[in-house]
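The structure under discussion appears below in the form of structure tokens.
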Amino acid sequence: MSALPYYGPSDIDALNTQAVTLLKLFGARGYAREEPSVLQPAALFLDRSGEEIRRRTFTLTDPSGNDLALRPDLTIPIAKRLVESVAALPARISYNGMVFRHESKSDLPVQFFQAGVELFGEADKAKGDVEILSLSVEALRAACLKDFTIRMGDLGLFGALVDALTIPEHWRSRLKRHFWRAGYVETLLDRIGHGDETSRLPQDETEIAALLEAQGDAPRAGRTRGEVIARARAKAAEVLKLDGNVAGAITRLLSISAPIEKALSDIRALLKTAGIALEAELAAVEARVALLKSLGVERVEFNAHFGRSMEYYTGFVFELRSLSGTELAGGGRYDNLLELLGAPKPVTAVGCAIHTERLLATIKGGA
């Protein structure tokens, strides 16, 4: 496969036929088609997608000096348009179009087709998750793929455990923000648990006062000497508030990767040992499992450290893969994105994108 694929007549016919099938299914479920412009403001992606997509985005400057990007993703421009149009909610939107991403491996394409759905403003999050997951399974089957595997994760479980830590908000945000980085969360928890992050800070008031004297007339951002001392002591004491049980539970949670039934059993045992109750989050996972069983999907894995390359995801995430391991579709919940794009209040959001060329190749190859 070349980096710039050539679509011959038979390829185009097959992709068009598949697209018609998928869009017809989406339309029957109430999802109206939209087609964002191929050229988008570069900042729309560079500021909100995360490092994985930023380094893969093609950017250019137009004659007027505006920084533009070839869309590497369709979710963000669709969400942006929803914010600007002030559409009625809930809103169900589908799409089919080409996206562009730089690949470090020369044998991978820099452009490919995606089809997908986005559900905005569904107040019942569990209902929305099940709707998108069900539609994703239906889509692959409508395209005539009979067998595939599903991998699921849930950033909500991780976030709920982090929120159970009695630590300042900036530490919680830091842990959640770097969930995607392999080993980072575990290392950070260990460091703050052993005081490495604050060990350089004096805790004794006399020591702090001595440091202030050494600084002389250095500016203190409008704060009094007493306020500076109080803030320094509070910051130095942050590490003492780390709950070792919760921190250990987070580390152990992230190591869980197993068939869904075993994974849920392991998670429940872990939470019980740590004395933590996350019944609402676990009930949502179990609702998805029940749905998949009702759809006859047997091969389901839960990976607690599974995230996707777009950093805007906030909760349930999933991938549908061929039996040989090729990712065919994926998505999840991203409830913070519309606010970041200018919405005046939070808007729930969940969706899925299908890599239609891979799907077609898998069906033809029987993998």
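Values as computed for the structure displayed
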| quantity | calculated |
| --- | --- |
| Residues satisfying the stated conditions in segment 128-185, i.e. of a type in the set (Asp, Glu) and part of a helix (DSSP H, G or I) | Asp129, Glu131, Glu138, Asp163, Glu169 |
| Residue count, segment 92-110 (criterion: at pLDDT 90 or above and under 20 Å from the mean Cα position of the chain (by Cα)) | 6 |
| In segment 275-285, residue surrounded by the most Cβ atoms within 10 Å (Cβ to Cβ) [restricted to those that are closer than 12 Å to Phe316 by Cα and not small (Gly, Ala, Ser)] | Val285 |
| Pairs, first more than 16 Å from Ala304 (Cα to Cα) in segment 263-290, second part of a helix (DSSP H, G or I) and at pLDDT 90 or above, C-beta under 8 Å, six or more apart | Ala287/Ala126; Ala287/Asp129; Ala287/Val130 |
| Looking only at segment 129-185, and only at residues there that are of a type in the set (S, T, N, Q) and surrounded by fewer than 16 Cβ atoms within 10 Å (Cβ to Cβ), the one that is farthest from the chain's Cα centre (by Cα) | Thr166 |
| Answer from Glu339, Glu311 - the residue that is out of contact with any strand residue (DSSP E or B) (no Cβ under 9 Å at 6 or more places or on another chain), under 24 Å from Phe112 (Cα atoms) and either in the same structural domain as Ala258 (by TED's automatic domain parsing) or not acidic (Asp, Glu) (or both) | Glu311 |
| Residue list for segment 247-281, filter: within 23 Å of the chain's Cα centre (by Cα) and under 19 Å from Thr187 (Cα atoms) | Ala247, Ala249, Ile250, Thr251, Arg252, Leu253, Leu254, Ser255, Ile256 |
| Number of the exception - Glu118 against (1) part of a strand (DSSP E or B); (2) modelled with pLDDT under 95 | (2) |
| Test: residue in segment 223-230 that is modelled with pLDDT under 75 and acidic (Asp, Glu) | yes |
| Thr17 being in a helix (DSSP H, G or I), surrounded by fewer than 13 Cβ atoms within 10 Å (Cβ to Cβ) and in the same structural domain as Leu338 (by TED's automatic domain parsing) | yes |
| Wholly within segment 40-88, helices (runs of 4 or more DSSP H) carrying at least 1 residues that are of a type in the set (D, E, K, R) and at pLDDT 90 or above | 75-85 |
| Where His102 falls short, out of the listed (1) under 23 Å from Lys24 (Cα atoms); (2) surrounded by fewer than 17 Cβ atoms within 10 Å (Cβ to Cβ); (3) touching a Phe, Trp or Tyr at 6+ places or on another chain (Cβ under 9 Å); (4) not polar (S, T, N, Q) | (1) |
| Positions within segment 54-88 being of a type in the set (A, V, I, L, M, F, W, C) and surrounded by 13 or more Cβ atoms within 10 Å (Cβ to Cβ), in sequence order | Phe58, Leu68, Ala69, Leu70, Leu74, Ile76, Ile78, Ala79, Leu82, Val83, Ala87 |
| Criterion violated by Ala287 - all others in (1) within 30 Å of Thr187 (Cβ to Cβ); (2) out of contact with any strand residue (DSSP E or B) (no Cβ under 7 Å at 6 or more places or on another chain); (3) among the aliphatic types (A, V, I, L, M) satisfied | (1) |
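The values are calculated or read from the model by the stated rules, or taken from the named source; none is laboratory data. From a predicted model like this one, the values you see are computed outputs, not experimental measurements. Every residue, glycine among them, receives a Cβ derived from its backbone with ideal geometry; neighbour counts consider all protein chains shown.
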